[in-house]
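Reading through the structure tokens given below for one structure.
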Amino acid sequence: MQPLTRFAAPACPLPLANLDTDQIVPARFMKQPRSAGYGQFLLHDLRYDAEGRARADFILNHPEAEGARSLVTRRNFGAGSSREAAVYALVDFGFRCVVAPSFGDIFSANAVNNGLLPATVEEADLELLFDYLCDRPMPLEVDLERCRLRAGEREFPFAVNPVWRTKLINGWDDIGMTQRYRAAIDRFAAKRLRDFPWVGPGQPVPSNEA
Amino acid sequence: MTTPARQPSTLFDKVWNAHEILRDDNGRSLLWIDRHFVHEGSFHAFDKLRERDLPVARPELTFGIADHYVPTLRRSGEPVGDPAIRGMIEQLNDNTDRNGIALFGLDDPRQGIVHVVGPEQGLTQPGLIIVCGDSHTATHGAFGAIAFGIGASEVAHVLATQTLWQTRPKQMRLTVTGNLAPGVTAKDIALTWIARLGADGARGHTIEYAGDAIEALSMEARLTLCNLSIEGGARCGLVAPDETTLAYLRDRPLGPHGPQFERAARYWSSLATDDGARFDRDVVIEAAEIAPTVTWGVSPEEALPIDQQVPDPAVMEDGEKARQAHDSLTYMGLMPGQKLTDVVIDRVFIGSCTNARIEDLRAAAAVLEGRRARVPGLVSPGSSLVKRQAEAEGLHEIFLAAGLEWRASGCSMCVGMNGDQVASGERCASTTNRNFKGRQGPGARTHLMSPAMVAAAAVTGRLTDVRRL
């Protein structure tokens, strides 16, 4: 995973609350392999009309949205379905950071596992950010080391779980890290089965024999 | 030196602590995972493993279930018509087969929705940690397990290591005191607390549901309640195991039997929150305040008792809330101040991991018996075994006589992945869990409610208070 420390790039304002993962990537696109590129599906039904024409007034269709690296939005972003495809859509579009007052818990975990920063800001600061962005992509500096956003002359603090911050800064991957504890895991597994012998499940008889 | 007195602990603490392999310098716990379920959507995780040439560490602890994409209109053994959907189901067959994972596949008589099949087969038990790449995994918490939804990266991590790194969440206790009135269900408890606290009201928390009204709930109803934890932002919700739990668990095919069951039952009975244990947050709701509830908007928090009116954004004080309500009403095609019982529907759906267990089908059938539905609709049982049970009880004949379709089991019209969708602009009274924009199909308008309330809406063609029918 690519480490994330500091970057300056346009940020897109999207002042909507409760943007659930069903809206971020509608279910009908989820049969696609990741190699298809999920950026094309990002917020599809807000971005395109029923005939598939781009809605000119939607922020992701703004000519400067292409270079955007941050999305600024309202509370409870990424609520609902655990689909990691929602994060793939954001990342494949080019985003490295989503700024909001709150996020769905599963979404945040998925984001961090893909190098996308969920940056939590105070509601009052969010309104100031929207004032600054108005209705177009504008430069925003994201500094993960200092947990600060710089918008023009102003700076805003953001919060992120410190474990996630370390992980994002270093571009760490959990599987690699966990494998170092293999012996401890094996010991634990053996003890668990000894102490709680019923937790090892029965195996179903294959259906053609059931 | 004296041993310090043991701190009183919560049900959640007891289960978490029993699974902690180690804790890192940042306070993250490496947790052992007892059960893992995969479905057609889990292919991203299998792809990740393949890219890194990693084997599945403990294939005997993962179970595959075909549910998200399965057709509900097809006879057993027939090929699946849509090649893209067929591909999704075959991909799950391949991934489980290649890795030695047991599968409840398309034509297995035990196939169904993962959160119905797990409990039914005895794979879901108190005291376990259970995960699945599906946010409604919270359902399994009804047994006093820690169960939560995970993303594809975490699914890959579980497959590769049978563990997960997690930071201990905050804990909230939601107590429902007194008795629920007739016609009021677990669905109404859930929609009521989510409307009060918000769709992110329990974010960052796990919930323990407690109180007389919860203890009186059947296992099926507890599953409904825990299922909807995520709609209020909680990744998991639990109910302490009791006699109701033990009675359900006895003689399940893949659970413990005989002396092993008795030994397990003694441990399960110890999994209750100690007196004096501390919660980060305590919320109390009186059961008597809860009425049959329906959603009017595009978030589960936009819910009201059926005898109320659609809100009027013009009289809302908070400008942002008013703008949001206006947006919801526009999408839903509703008038401010309109009585909920005046809202005319186009179709109904009875199904999903939330409300398609046998008790749900009985509740809907009780309302529909001897009546005709004024609108079309589907009934998709939560599992193939629930379907068989319902047929043994003759419930399917009631649904068919009412004019509804009796389909096979799967996620179906809750998420629309298999092609069962609500048409754009159509209004559906639904026993499901999400009224999100486009959830049941692009442009679909969803009203969430209990199975009996959906049945009542089917009979009148409008949102209806089942108590007045």
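Coordinate-derived values only; no laboratory data. All of these numbers come straight from a predicted model, not from anything done at the bench. With ideal geometry, Cβ positions are generated from the backbone for all residues, glycine too; neighbour counts draw on all protein chains shown.
For chain A, take the longest principal axis of its alpha carbons; what is the angle in degrees between that and the long axis of helix A:123-133, to the nearest 10 within 0 to 90?
Orientation of helix A:123-133: about 50 degrees from the principal axis.
Any idea which of B:Gln309, B:Pro292, B:Leu246 is furthest toward the positive side of the dipole for the range B:212-315, if Lys and Arg beta-carbons carry +1 and Asp and Glu beta-carbons -1?
Of the candidates, B:Leu246 comes out farthest on the positive side.
Which is farthest toward the positive dipole end of chain B among B:Pro79, B:Ser153, B:Leu217, measuring Cα position about the Cα centre, with Cβ charges +1 (Lys, Arg) and -1 (Asp, Glu)?
Highest projection toward the positive end goes to B:Pro79.
List the longest stretch of chain A that has no exposed loop site; here a site is one of the GluC sites (Glu not before Pro) assigned by DSSP to anything other than H, G, I, E or B, with at most 11 other Cβ within 10 Å.
A:52-144
Please state the Cα pair-distance histogram of chain B with 20 angstrom bins from zero: what percent is in each bin?
Answer for chain B: a P(r) of 25, 58, 17, 0 percent.
If you build the convex hull over the alpha carbons only and average its shadow over all orientations, what do you get for the protein assembly as shown? Give it in nm² to one decimal.
That works out to 29.7 nm².
Could you work out [θ]222 nm for the protein assembly as shown from helices alone, using -39500 (n - 2.57) per DSSP H run of at least four and dividing by all its residues? Round to the nearest 500 deg cm²/dmol.
Numbers: 23 runs with 210 residues, N = 679.
Calculated mean residue ellipticity at 222 nm is -9000 deg cm²/dmol.
Starting from a Cα-only point model with no solvent, please compute log10 I(q)/I(0) by Debye for the range A:6-172 at q = 0.09, 0.14 1/Å.
Debye intensities relative to I(0), on a log10 scale: -0.26, -0.66.
Please report the antiparallel percentage of DSSP beta bridges with both residues in chain B, rounded to the nearest 5.
Of those bridges, close to 25 percent are antiparallel.
In the structure displayed, which of B:Lys14/B:Lys170; A:Lys31/B:Lys48; B:Lys48/B:Lys387; A:Lys167/B:Lys48; B:Lys339/B:Lys437; A:Lys167/A:Lys191 lie more than 24 Å apart, Cα to Cα?
B:Lys48/B:Lys387; A:Lys167/A:Lys191
What is the mean projected area of the alpha carbon convex hull for the range B:11-166, to one decimal in square nanometres?
Over all viewing directions, the range B:11-166 projects a mean Cα-hull area of 9.6 nm².
Cut-off 10 angstrom, C-alpha nodes, Gaussian network model of chain A. Which of A:Ser35, A:Ser108, A:Ser81 fluctuates the most?
Comparing A:Ser35, A:Ser108, A:Ser81 in the GNM, the peak value goes to A:Ser35.
Please express the Cα-Cα pair-distance distribution P(r) of the range A:73-171 as a list of whole percents, one per 5 Å bin, running from 0 to the bin with the greatest distance.
3, 13, 24, 25, 21, 12, 2, 0
With both bridge residues required to lie in chain A, what share of the DSSP beta bridges run antiparallel, to the nearest 5%?
55 percent
In bins 10 Å wide, starting from 0, what share of all Cα pairs of the range B:379-469 does each bin hold, as a percent?
17, 44, 35, 4
Could you tell me how many degrees, from 0 to 90 and to the nearest 10, lie between the Cα long axis of helix A:182-195 and the main elongation axis, the longest principal axis, of the Cα atoms of chain A?
Helix A:182-195 sits roughly 60 degrees off the main axis of chain A.
Among DSSP beta bridges lying fully in the protein assembly as shown, give the percent that are antiparallel, nearest 5.
Beta bridges within the protein assembly as shown, antiparallel portion: roughly 35 percent.
Using the beta-carbon distance between B:Leu73 and B:Ala366 and R0 = 25 Å, what value does 1/(1 + (r/R0)^6) give for FRET efficiency, to the nearest 0.05?
Details: r = 26 Å, r/R0 = 1.04.
That pair, B:Leu73 with B:Ala366, gives E of 0.45.
When the dipole is taken about the Cα centre of the range A:1-114, and only Lys, Arg (+1) and Asp, Glu (-1) are charged at their Cβ, what size is it in debye, to the nearest 20?
The dipole of the range A:1-114 has a size of about 220 debye.
Separation of the range B:167-195 and the range B:64-114 by C-alpha centroid, Å?
Going from one Cα centre to the other spans 34 Å.
Apply the Karplus parameterisation 6.51 cos²θ - 1.76 cosθ + 1.60, with θ equal to phi minus 60°, to every residue of the range B:369-376 and state each ³J(HN,Hα) to the nearest whole Hz, in sequence, with x for glycine and proline.
Couplings: 4, x, 10, 10, 7, 8, 10, x Hz.
Dipole magnitude of the protein assembly as shown about its Cα centre, charges +1 at Lys/Arg Cβ and -1 at Asp/Glu Cβ only, in debye to the nearest 20?
Charge dipole, the protein assembly as shown, about its Cα centre: 880 debye, nearest 20.
Within 10 Å, count the other beta carbons around each residue, average over each peptide in A:7-16, B:228-237, B:452-461, A:198-207, and list them highest first. Intermediate values should be presented prior to the final figure.
On the way: A:7-16: 19.0, B:228-237: 28.8, B:452-461: 26.8, A:198-207: 15.9.
Per-residue Cβ counts within 10 Å, averaged per peptide and sorted highest first, yield B:228-237, B:452-461, A:7-16, A:198-207.
Taking the convex hull of the alpha carbon atoms in the range A:52-129, what volume per residue do you get, in Å³?
104 Å³
Work from the charge dipole of the range A:6-172 (Cβ charges, +1 for Lys and Arg, -1 for Asp and Glu, about the Cα centre) and give the residue of A:Ala36, A:Pro157, A:Pro63 farthest towards its positive end.
Of the candidates, A:Ala36 comes out farthest on the positive side.
Other chains near B:166-176: what is the mean number of their Cβ atoms within 10 Å of each residue's Cβ?
1
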